[in-house]
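The values are calculated or read from the model by the stated rules, or taken from the named source; none is laboratory data. The structure displayed is predicted, hence computed values, not measured ones. Please note: Cβ atoms are built from the backbone with ideal geometry, for glycine as well, and neighbour counts cover all protein chains shown.
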Amino acid sequence: MKSPRILIVRGGAIGDFIMTLPAIGALRERWPDAHIEILGYPHIIEMARRRYYADAVRSIDAKPMAGFFIPNGILDPSLMEYFGSFNLVISYLFDPDSIFANNVRRCGAKQIIEASPRPSDAPAAEHYCRPLEALAIYVERPEPRVFPSEADRATASQFLRHTGRERIVAVHPGSGSEKKNWPAERFGSVCRWLMDELVAQLLVVQGEADERAVSALRGLMDPRPVTVAQGLKLMELAAVLQQCALFVGNDSGITHLAAAVGTPTVAVFGSASNPIWEPHGERVRVVRFGEHDVAQTMQAIEQIWAS
């Protein structure tokens, strides 16, 4: 394939997609002139569109897609032409009976690789790179990277215009499951230490499901001033995090986002979090819930803050 057309089909949440980026990046590196497109959830895959990885994106939620999830379904003619235009389709959908993959084959796609979306025996980023070995592409020590655009960075600068821009520490006390959240009291202890001892400015990230966790943390911070980052698009938030000196968060997509933009990151993982989802990097540390986790988190912060 000289300049192939490649389609990546990827559902899942923010962290799932970020952990797949090294595989997409390896395809880009192998075929720099390829047209790479991603089919998935628009608000998530937007982080790849014209930001190194993908030339275009398309929503997997579109109504005409329904037939592709039915055995021998009636397929939309325009989508048949769409899928048939690709030299290579890599699907990371949960498709144990190959229903989606077989329907795509009916469209005339040249090559289809069915990849498991569920890591089990290897770190997630490594797992998502393994299917590329069928193309003789081998990725050593994959680390996700996200690249905010100039427009993303401009929005971030506008958002942060009222801060001193120095020693901003972003924290995300929420996650996709309360079982994964570090207790608010421990988060509060670390945040008070950051503000009182390290003279940090605190930026609290609040997503749609984080109101309870953020409210609890803010109550523990009074009377210290706290800025809340809420309502930003994903890549705007990525650009904000990129301008922070440090990030502290739970097992969440936002933690993966912070690590992927290169911000020094401390992730706090509990028993509900599988180690294969831990972020990796020279300036990333993972602390496990436990008797001494507050002290261990402070120690991890001091290590990467000074590095």
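So is R283 in contact (Cβ under 8 Å) with a residue 12 or more places away in the chain, among the charged types (D, E, K, R), in contact with a helix residue (DSSP H, G or I) (Cβ under 6 Å, 6 or more places away or on another chain) and farther than 30 Å from H127 by Cβ or not?
No.
Rundown of residues vs (1) outside the structural domain of I36 (by TED's automatic domain parsing); (2) closer than 30 Å to A260 by Cα; (3) surrounded by 15 or more Cβ atoms within 10 Å (Cβ to Cβ), yes/no style:
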site	(1), (2), (3)
D61	no, yes, no
D76	no, no, yes
V89	no, yes, yes
F94	no, yes, no
D97	no, no, no
P117	no, yes, yes
H127	no, yes, yes
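For region 38-85, give me each residue that is within 20 Å of L27 (Cα to Cα), part of a loop (DSSP other than H, G, I, E, B) and under 24 Å from the mean Cα position of the chain (by Cα).
Correct list: E46, M47, A48, R50, R51, Y52, Y53, D55.
Of the conditions (1) modelled with pLDDT of 95 or more; (2) assigned to a loop (DSSP other than H, G, I, E, B); (3) under 23 Å from G73 (Cα atoms), R105 fails just one. Which one is it?
(2)
Restricting attention to region 256-268, report how many residues are touching a residue at least 60 places away in the same chain (Cβ under 8 Å) and in contact with a strand residue (DSSP E or B) (Cβ under 7 Å, 6 or more places away or on another chain).
4
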